[in-house]
1. Among the β-branched types (Val, Ile, Thr) and touching a residue at least 24 places away in the same chain (Cβ under 8 Å): does that describe residue 92?
2. If only one of 159, 146, 134 is within 15 Å of residue 43 (Cβ to Cβ) and surrounded by fewer than 19 Cβ atoms within 10 Å (Cβ to Cβ), which one is it?
3. Tell me, yes or no, whether the range 21-29 has at least one residue that is modelled with pLDDT of 95 or more, part of a helix (DSSP H, G or I) and farther than 18 Å from residue 141 by Cα.
4. Output the residues belonging to the range 112-127 that are surrounded by fewer than 13 Cβ atoms within 10 Å (Cβ to Cβ) and either touching a helix residue (DSSP H, G or I) at 6+ places or on another chain (Cβ under 8 Å) or among the hydrophobic types (A, V, I, L, M, F, W, C) (or both).
5. Mind telling me which of the residues 26, 33, 91 ends up being closer than 23 Å to residue 153 by Cα, among the aliphatic types (A, V, I, L, M) and surrounded by 13 or more Cβ atoms within 10 Å (Cβ to Cβ)?
6. Here are the criteria: (1) under 14 Å from the mean Cα position of the chain (by Cα); (2) closer than 17 Å to residue 24 by Cβ; (3) modelled with pLDDT of 95 or more. Tell me which single one residue 40 does not satisfy.
7. Inspect all residues belonging to the range 39-52 and state whether any of them is acidic (Asp, Glu), touching a Lys or Arg at 6+ places or on another chain (Cβ under 9 Å) and surrounded by 14 or more Cβ atoms within 10 Å (Cβ to Cβ).
Amino acid sequence: MVSFPSLVGALHQRGVRFVLIGVWGANFHAPDASAVFTTLDYDLFLPPEADNVLEAWRVCDDLGLSLRAGAEPLATPRDHLLAAAVVEHCAVVRATAVSGLTVDLTVVMTAFDFEQVWNERRTFLVDEIEVPVARLSHIIRSKAAAGREKDRLFLAIHAEALRQMLDGDEE
């Protein structure tokens with residue numbers, strides 16, 4: 001069974017750069033389990049580099065995850081040309097496992113470029129695996145800048161909890 005820590009470990013072994021963002025990224029900043037937010041998927045922010053994206057797909061393939069772009073299976077051959085097109089169009093590729101693990105691979109984090117988020121990331125340990133996570137302040141600013149209804153709702157509902165969590169996320 002593929003778990004999030006096993007995917008992260010495999011990505012590290014293959015030299016794939018990524019940062020966990022989104023609601024699961026925010027959860028890593030929670031002081032305890034009572035402050036964890038519900039979400040169905042993990043979001044991994046990758047640098048907009050075709051070689052890195054391609055290697056992430058290869059890791060997913062090796063672990064038996066299915067890859068989709070939108071409603072369609074990710075095309076084959078999964079090569080540098082396809083990865084470059086995904087980067088150019090800022091497409092999200094979703095990796096899913098039969099175990100229920102769902103991970104969105106994206107080269108976009110609204111209001112931030114990868115290097116800034118990478119350079120200011122925090123690292124958390126899960127099952128002895130290092131998970132690079134965006135700063136909570138970056139996650140919140142990105143959700144606010146994205147302007148999507150689901151992000152506005154998340155920020156409004158959890159405003160007080162996020163404010164308290166930000167105290168530990170010094171700029």
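The values are calculated or read from the model by the stated rules, or taken from the named source; none is laboratory data. Given the structure is predicted, the values throughout are model-derived calculations rather than measurements. Glycine gets a Cβ as well: all are built from the backbone with ideal geometry, and neighbour counts include every protein chain shown.
1. Against the criterion (among the β-branched types (Val, Ile, Thr) and touching a residue at least 24 places away in the same chain (Cβ under 8 Å)), residue 92 does not qualify.
2. 146
3. no
4. 125, 127
5. None of the other options fit; the residue is 26.
6. Among (1) under 14 Å from the mean Cα position of the chain (by Cα); (2) closer than 17 Å to residue 24 by Cβ; (3) modelled with pLDDT of 95 or more, residue 40 violates only (3).
7. Checked the range 39-52: at least one residue is acidic (Asp, Glu), touching a Lys or Arg at 6+ places or on another chain (Cβ under 9 Å) and surrounded by 14 or more Cβ atoms within 10 Å (Cβ to Cβ).
Table: residues versus (1) within 22 Å of residue 4 (Cα to Cα); (2) without any contact (Cβ under 8 Å) to a residue 24 or more places away in the chain; (3) basic (Lys, Arg).
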{"position": "73", "(1), (2), (3)": "yes, yes, no"}
{"position": "119", "(1), (2), (3)": "no, yes, no"}
{"position": "142", "(1), (2), (3)": "no, no, no"}
{"position": "152", "(1), (2), (3)": "no, yes, yes"}
{"position": "163", "(1), (2), (3)": "no, yes, yes"}
